[in-house]
Amino acid sequence: MRRILRRHEVVEDAWRLWGEGAADSDPVIVPLAELQKDTGAWVARKGALGVRLAPGECVESLGDVLPSLALVAVEFPNVGDGRGFSYGRLLRDRLHFAGELRAVGGGVKQDKIFLLARCGFESFELGETERADEAVAALRRYDVVYQPGAPIEGIRRQRFFA
Amino acid sequence: MYRYDDLDQAFVNERVAEFRDQTRRFLAGELSEDEFKAVRLRNGLYIQRHAPMLRIAVPYGLLSSRQLRKLGEVARRYDRGVGHFTTRHNLQLNWPKLEQVPDILEHLASVQMHAIQTSGNCIRNVSADHMAGIAKDEVDDPRPYCEIIRQWSTHHPEFTYLPRKFKIAVTGSPEDRAASEVHDIGLHLKRDAQGQLGFQVLVGGGLGRQPIIGQVIREFLPLPELLSYLEAILRVYNRHGRRDNIHKARIKVLVKAVGIERFREQVETEWRASRDQAPRLEVAEVDRVRSHFTPPAYRDLPDIDAATGREPEFQAWYRYNTREHKIPGYRAVFVSLKRHGENPGDITSEQMEAVADLAERVSFGLVRVPHNQNLMLGDVRQDELYEVWKELRARGLAMPNIGTLTDMIACPGLDLCSLANAGTLGVAKQIQQRFDDLDYLYDLGNIEIKMSGCMNACGHHHVGHIGILGVDKHGEEWYQITLGGSVNGSTALGEVIGPSVPQKEVAATIERIVEVYRGGRRDGEQFIEMIRRVGIKPFKEGAYATHSEAA
């Protein structure tokens with residue numbers, strides 16, 4: 001069971017991953033390469049569609065299909081790879097993606113959740129060792145920020161604005 | 001100097017609380033080595049050869065007396081009463097206890113200091129010219145812009161997990177005293193034809209395994225666009241910098257791979273697309289930060305001849321350890337951390353407290369941390385220089401050798417650092433011993449020795465007039481020597497003169513090299529000028545003339 005932190009709650013993941021045998025009406029997350037093989041067929045499904053973006057994949061290539069997507073899962077494969085932070089910003093600020101932006105992979109840790117949320121991520125796949133209460137609390141770690149970013153409840157001061 | 005407002009103070013307090021919790025989780029086994037490493041590095045904490053090492057930020061090299069006193073207290077209470085100043089405005093403590101680091105950080109936060117982003121693959125402590133605000137040739141004081149960059153880069157949501165470390169330097173004078181051309185980004189304050197303030201922007205400089213001099217990416221960036229343009233560079237780097245090989249992950253490798261033209265195009269395209277969403281730099285905010293850097297209350301004083309008639313020792317100190325100030329009646333004073341027999345850049349708690357007290361009495365309570373591992377009192381009245389000298393001398397801080405061969409830069413080396421291949425401190429002592437005659441040093445003039453214990457080049461050996469790099473040869477410490485590097489004026493990378501030499505031969509080899517200079521210099525010609533004129537060949541021949549053990 002995958003645990004997802006979203007809206008200050010940790011819940012069981014409602015989405016299926018590609019290869020997990022999703023029915024046509026199930027919400028499913030497919031890898032970008034798979035989606036691009038037959039975009040039309042994926043979009044024509046009954047269930048909601050999400051895509052998984054790995055580091056190095058071109059976020060801009062999602063442009064046309066983005067309105068059909070209910071979810072984009074950006075992969076953080078390890079502790080250090082931070083490309084996904086930029087992908088999040090680009091999806092929100094440039095491509096105006098309004099669906100669920102999710103951070104997934106082994107690099108999603110409570111110590112990053114605050115920054116991820118500032119980059120526009122609203123849901124977080126928690127690894128086995130991540131504690132739910134601590135992950136929820138991490139969203140409240142700071143009540144001041146310097147940079148512009150996605151709004152987080154509880155931020156009382158910000159220095160720079162866009 | 002800049003004083004924290006509620007936002008700044010709340011941030012460092014919350015950061016200390018976060019790190020306290022992370023340390024607790026690590027010690028309780030809830031946080032893996034790998035996860036803890038990522039967060040401890042971003043809080044300045046390394047695990048070194050013998051103990052953890054904590055690297056404390058002195059943003060753009062400016063300290064208040066109160067802060068320096070606190071550093072002295074922290075070094076005494078949590079370390080062995082000694083700190084080590086680095087080439088990038090940091091103070092390193094070499095023996096703190098891991099479980100006490102949150103307490104140290106809390107002490108630092110109480111005086112508006114921190115160790116945030118002094119290591120790890122993120123935007124590091126921003127550096128500046130130690131003559132900021134007092135140099136005659138300055139376009140504008142770089143420190144307000146450094147402070148703005150410090151704040152913008154702190155806990156940046158997008159750029160805290162970069163491919164590799166990222167260093168920014170800002171200068172305000174034509175003379176580059178901040179090594180800005182060997183930074184990932186170098187910003188040179190300038191005015192355009194209309195008198196508007198802005199920056200020439202350099203990108204892709206760096207030392208390490210692949211030393212490269214930064215290239216101009218933009219001739220003029222208007223001040224209000226500073227942060228939006230930095231974000232564009234960082235975003236291109238964060239997306240496209242290599243992550244497969246730690247040695248090829250710096251931005252210099254990316255710039256070199258695609259070429260400056262193409263890289264510029266990528267950045268400008270990104271900038272056009274993102275500048276509306278990037279942080280704006282409002283006039284009111286610039287003014288707010290600038291108001292913290294107004295000149296101190298200088299007295300209306302004449303320039304005087306402070307040296308004539310005094311003892312030769314004072315005259316030498318005046319000549320080598322003090323610098324011209326833009327305000328008549330004042331001088332800038334180097335506090336030498338290069339006393340022979342001591343590790344370059346090391347300072348005891350008692351010395352820190354003494355310098356803090358002295359600064360309070362004679363230099364408006366401010367202390368500067370220059371790039372060359374000394375300290376500086378920036379605003380000393382000329383009629384107080386003699387008293388200042390006597391006090392510094394009593395504390396072992398008046399070695400009159402600034403700018404000479406023994407004012408060398410050295411990283412901590414194998415004695416303390418787990419990355420090092422060879423020792424630096426022993427070699428430094430050997431050089432200090434061999435060149436212990438001040439008259440001989442003065443005759444040699446300005447010679448900059450820079451020494452690193454490994455390829456990471458923390459001691460900036462590539463840009464030393466004489467560079468020394470420690471290498472490991474079958475378990476023995478050997479040293480490769482380069483000549484002709486420089487950062488002041490025209491940045492140049494040194495050339496390797498030949499085979500490395502064994503530890504015990506380093507000082508003797510350097511002596512043979514400088515003897516070539518003494519024998520071949522023209523009237524008034526400095527060491528580096530002669531190298532530029534004649535090349536390294538004669539020095540190379542001299543260096544190995546009587547030395548047969550090189551391999």
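Residues are listed down the side, and each one gets a yes or a no for (1) free of Cβ contacts under 8 Å to residues at least 12 places away in the same chain; (2) among the β-branched types (Val, Ile, Thr); (3) in a loop (DSSP other than H, G, I, E, B):
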{"site": "B:Ser418", "(1), (2), (3)": "no, no, yes"}
{"site": "B:Ile431", "(1), (2), (3)": "no, yes, no"}
{"site": "B:Asn446", "(1), (2), (3)": "no, no, yes"}
{"site": "B:Gly467", "(1), (2), (3)": "no, no, no"}
{"site": "B:Asp472", "(1), (2), (3)": "no, no, no"}
{"site": "B:Ile481", "(1), (2), (3)": "no, yes, no"}
{"site": "B:Ser490", "(1), (2), (3)": "yes, no, yes"}
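Restricting attention to the stretch B:206-229, does a residue exist that is crowded, with 22+ Cβ neighbours inside 10 Å, in contact with a Gly (Cβ under 7 Å, 6 or more places away or on another chain), in contact (Cβ under 8 Å) with a residue 60 or more places away in the chain and within 14 Å of chain A (Cβ to nearest Cβ)? Checked against the condition, which is being crowded, with 22+ Cβ neighbours inside 10 Å, in contact with a Gly (Cβ under 7 Å, 6 or more places away or on another chain), in contact (Cβ under 8 Å) with a residue 60 or more places away in the chain and within 14 Å of chain A (Cβ to nearest Cβ), the stretch B:206-229 yields no hits at all. When the stretch B:285-306 is filtered for residues that are touching a residue at least 24 places away in the same chain (Cβ under 8 Å) and under 30 Å from B:Arg339 (Cα atoms), the ones remaining, listed by number, are B:Asp303, B:Ile304, B:Ala306.
The residues in the stretch B:100-140 that are modelled with pLDDT of 95 or more and more than 21 Å from B:Leu375 (Cα to Cα) can be counted, and the count is 19.
Can you confirm whether the stretch B:497-506 contains a residue that is free of Cβ contacts under 8 Å to residues at least 40 places away in the same chain and either out of contact with any Pro (no Cβ under 7 Å at 6 or more places or on another chain) or in the same structural domain as B:Asn374 (by TED's automatic domain parsing) (or both)?
Within the stretch B:497-506, none of the residues are free of Cβ contacts under 8 Å to residues at least 40 places away in the same chain and either out of contact with any Pro (no Cβ under 7 Å at 6 or more places or on another chain) or in the same structural domain as B:Asn374 (by TED's automatic domain parsing) (or both).
Scanning the stretch B:232-258 for residues being surrounded by 18 or more Cβ atoms within 10 Å (Cβ to Cβ) and touching a residue at least 60 places away in the same chain (Cβ under 8 Å) gives a total of 10. Candidates in the stretch B:64-90 are the residues that are touching a His at 6+ places or on another chain (Cβ under 7 Å) and modelled with pLDDT of 95 or more; of these, the one that is nearest to B:Gly44 (Cα to Cα) is B:Val74. If the condition is being surrounded by fewer than 13 Cβ atoms within 10 Å (Cβ to Cβ) and either in contact with an Asp or Glu (Cβ under 8 Å, 6 or more places away or on another chain) or within 30 Å of A:Gln110 (Cβ to Cβ) (or both), then the stretch A:9-32 contributes A:Glu9, A:Glu12, A:Ala14, A:Gly19, A:Glu20. Return yes when A:Leu91 is in contact with a helix residue (DSSP H, G or I) (Cβ under 8 Å, 6 or more places away or on another chain), at pLDDT 95 or above and not charged (D, E, K, R) and no when it is not. Judged against the criteria, A:Leu91 is a match. Report yes if some residue within the stretch B:157-167 is in contact with a His (Cβ under 8 Å, 6 or more places away or on another chain) and part of a strand (DSSP E or B); otherwise report no. Within the stretch B:157-167 (the criterion being in contact with a His (Cβ under 8 Å, 6 or more places away or on another chain) and part of a strand (DSSP E or B)), the answer is no, since none of the residues qualifies. All conditions but one from (1) surrounded by fewer than 20 Cβ atoms within 10 Å (Cβ to Cβ); (2) touching a strand residue (DSSP E or B) at 6+ places or on another chain (Cβ under 9 Å); (3) assigned to a helix (DSSP H, G or I) apply to B:Phe539; the one that does not is (1).
Looking only at the stretch B:268-277, decide whether some residue is over 30 Å from B:Gly470 (Cβ atoms), part of a loop (DSSP other than H, G, I, E, B), within 12 Å of chain A (Cβ to nearest Cβ) and in contact (Cβ under 8 Å) with a residue 40 or more places away in the chain.
yes
Residues in the stretch B:190-205 that are touching a Leu at 6+ places or on another chain (Cβ under 7 Å) and either surrounded by fewer than 20 Cβ atoms within 10 Å (Cβ to Cβ) or of a type in the set (D, E, K, R) (or both): B:Arg191, B:Leu197. Looking only at residues of the stretch A:115-136 that are more than 9 Å from every other protein chain (Cβ to nearest Cβ) and without any contact (Cβ under 8 Å) to a residue 12 or more places away in the chain, we find that the one that is surrounded by the fewest Cβ atoms within 10 Å (Cβ to Cβ) is A:Glu128.
Restrict the check to the stretch B:492-504 and report whether at least one residue is β-branched (Val, Ile, Thr), at pLDDT 95 or above and surrounded by fewer than 18 Cβ atoms within 10 Å (Cβ to Cβ). Checked the stretch B:492-504: at least one residue is β-branched (Val, Ile, Thr), at pLDDT 95 or above and surrounded by fewer than 18 Cβ atoms within 10 Å (Cβ to Cβ). Selection within the stretch A:147-162: residues that are more than 23 Å from the chain's Cα centre (by Cα) and surrounded by 17 or more Cβ atoms within 10 Å (Cβ to Cβ). The member of this set that is nearest to the other protein chains (Cβ to nearest Cβ) is A:Phe160.
What are the residues in the stretch B:138-153 that are in a loop (DSSP other than H, G, I, E, B), more than 20 Å from B:Val380 (Cβ to Cβ) and of a type in the set (Asp, Glu), if any?
Restricting attention to the stretch B:138-153, the residues satisfying the condition of being in a loop (DSSP other than H, G, I, E, B) are B:138-142.
Restricting the remaining residues to those that are more than 20 Å from B:Val380 (Cβ to Cβ) gives B:139-140, B:142.
Once the filter is applied, which keeps residues that are in a loop (DSSP other than H, G, I, E, B), more than 20 Å from B:Val380 (Cβ to Cβ) and of a type in the set (Asp, Glu), the stretch B:138-153 yields only B:Asp140.
Scanning the stretch A:54-79 for residues that are among the small types (Gly, Ala, Ser), surrounded by fewer than 23 Cβ atoms within 10 Å (Cβ to Cβ) and modelled with pLDDT of 95 or more returns A:Ala54, A:Gly56, A:Ser68, A:Ala70. The residues on offer are A:Val104, A:Val79, A:Val59, A:Val65, and the sole one that is under 11 Å from the mean Cα position of the chain (by Cα) and either farther than 14 Å from A:Ala150 by Cβ or within 13 Å of chain B (Cβ to nearest Cβ) (or both) is A:Val104.
The lone criterion from (1) surrounded by 22 or more Cβ atoms within 10 Å (Cβ to Cβ); (2) away from every other protein chain (no Cβ under 14 Å); (3) not in a helix (DSSP H, G or I) left unmet by B:Asn43 is number (2).
One residue alone among B:Phe11, B:Phe26 is aromatic (Phe, Trp, Tyr) and within 9 Å of chain A (Cβ to nearest Cβ), and that residue is B:Phe11. Residue check: A:Gly84 meets all listed conditions (1) at pLDDT 95 or above; (2) at positive phi but one, namely (2). With respect to (1) out of contact with any Cys (no Cβ under 6 Å at 6 or more places or on another chain); (2) within 30 Å of B:Leu223 (Cα to Cα), the lone exception for B:Leu68 is condition (2). Any chance the stretch B:26-38 includes a residue that's over 24 Å from the mean Cα position of the chain (by Cα) and at positive phi? Yes, because at least one residue in the stretch B:26-38 is over 24 Å from the mean Cα position of the chain (by Cα) and at positive phi.
Put simply, of B:Lys338, B:Lys326 the only residue that is crowded, with 22+ Cβ neighbours inside 10 Å, among the charged types (D, E, K, R) and at pLDDT 95 or above is B:Lys338.
For the stretch B:194-229, the set of residues classified as in a loop (DSSP other than H, G, I, E, B) and more than 21 Å from B:Val283 (Cβ to Cβ) consists of B:Gly204, B:Gly205, B:Leu207, B:Gly208, B:Arg209, B:Gln210, B:Pro211, B:Ile213, B:Gly214, listed by residue number.
The values are calculated or read from the model by the stated rules, or taken from the named source; none is laboratory data. Remember, it's a predicted structure, so these values are computed and weren't measured experimentally. Ideal geometry is used to build each Cβ from the backbone, glycine not excepted, and the neighbour counts take in all protein chains shown.
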